[in-house]
1. Can you give me the angle between helix 160-177 and the longest principal axis of the chain, using Cα atoms only, in degrees from 0 to 90, rounded to the nearest 10?
2. Which loop-located chymotrypsin sites (Phe, Trp or Tyr not before Pro) does the range 1-65 contain, where loop means any DSSP state but H, G, I, E or B and the Cβ has at most 13 other Cβ atoms within 10 Å?
3. To the nearest 10 degrees, how steeply does helix 3-22 sit against the main Cα axis of the chain, on a 0 to 90 scale?
4. In debye to the nearest 20, how big a dipole does the range 95-167 give about its Cα centre with +1 on each Lys and Arg Cβ and -1 on each Asp and Glu Cβ?
5. Could you tell me which of 113, 177, 26 has its Cα farthest along the dipole of the chain towards the positive end, charges placed at Cβ (Lys, Arg +1; Asp, Glu -1), taken about the Cα centre?
6. Could you report the chain's accessible area per residue, 1.4 Å probe, as an integer in Å²?
7. Might you list the cysteines of the chain that have no disulfide-compatible partner by the rule of another cysteine's Cβ under 4.7 Å?
8. Starting from the coordinates of the alpha-carbon atoms of the range 48-178, obtain the Kirkwood hydrodynamic radius over all distinct pairs and give the value in Å to one decimal.
Amino acid sequence: MSTLSAVLKGTVRAFGTTFRNFFRKPITEKYPRSPRPIPRRWRGGTFALTLDPETREENCIGCRLCEYICPSQIISVKLRKGEPRANGKGATYAESFHLNFQACMQCELCVQVCPTDAIVMVRSLHPAGASREDLILTKERLIQNGVRLLEQPELQSETTGNRIRAWMSAQATEEAGS
Ligand code: SF4
Ligand code: SF4
């Protein structure tokens, strides 16, 4: 094949690609004018400390397992003993809870290890911060997100832990029925 015919063939193919895409519907999301769809398994949002939907008590028992497992070492929890919970989930609480979001790699280990499903990932865009302090998630901010989840549970990310637990509970139901 001569050089000229190779150039012509390449040019025709390139124009063909251009024309094909010219008539395609654009896939650009017009964020923020229209809300951006966020996948169910999105991990890049923020975190929340959940509350018991019945009694509104904190689910966090201050056990510090999330602190120990976090590979980035960005969680710190201080335990305090208090009044026994009305829902029977013990009498220990997190006196303080800090999660430094700027170094989080969304590995989800903290969510998986939590024995009371207290820390969860939230499927929403994290509000931008203007300072490093804005990225420190304190207990108060995490609880605020937990309150939001009571109203909009669909915002909770479908993380590996949730899926494994759902699968195990389905297995247990199946075994009980057989
Ligand atoms: S998801 Fe973030 S906070 Fe949780 S264990 Fe991983 S790095 Fe730590
Ligand atoms: S969030 Fe879960 S793992 Fe972390 S301290 Fe609270 S109960 Fe323990």
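1. For 160-177 against the chain, the angle is about 70 degrees.
2. Values: sites: 15, 19, 22, 23, 42, 47; in loops: 23, 42.
The qualifying sites are 23.
3. Long axis of 3-22 versus the principal axis of the chain: about 50 degrees.
4. Working: 7 positive and 9 negative charges, 24 e Å.
For the range 95-167, the charge dipole is close to 120 debye.
5. It is 26, whose Cα lies furthest towards the positive end.
6. Averaged over the residues of the chain, the accessible area is 67 Å².
7. Cysteines lacking a close Cβ partner in the chain: 60, 63, 70, 104, 107, 114.
8. With all distinct Cα pairs of the range 48-178 included, I get 15.7 Å.
The values are calculated or read from the model by the stated rules, or taken from the named source; none is laboratory data. What you see is a predicted model, and the numbers here were worked out from it, not measured in a lab. Backbone-built Cβ (ideal geometry, glycine too); neighbour counts: all protein chains shown. Ligands, DNA and RNA are excluded from the accessible area calculation, which covers all protein heavy atoms including side chains. Shrake-Rupley method; radii C 1.70, N 1.55, O 1.52, S 1.80 Å.
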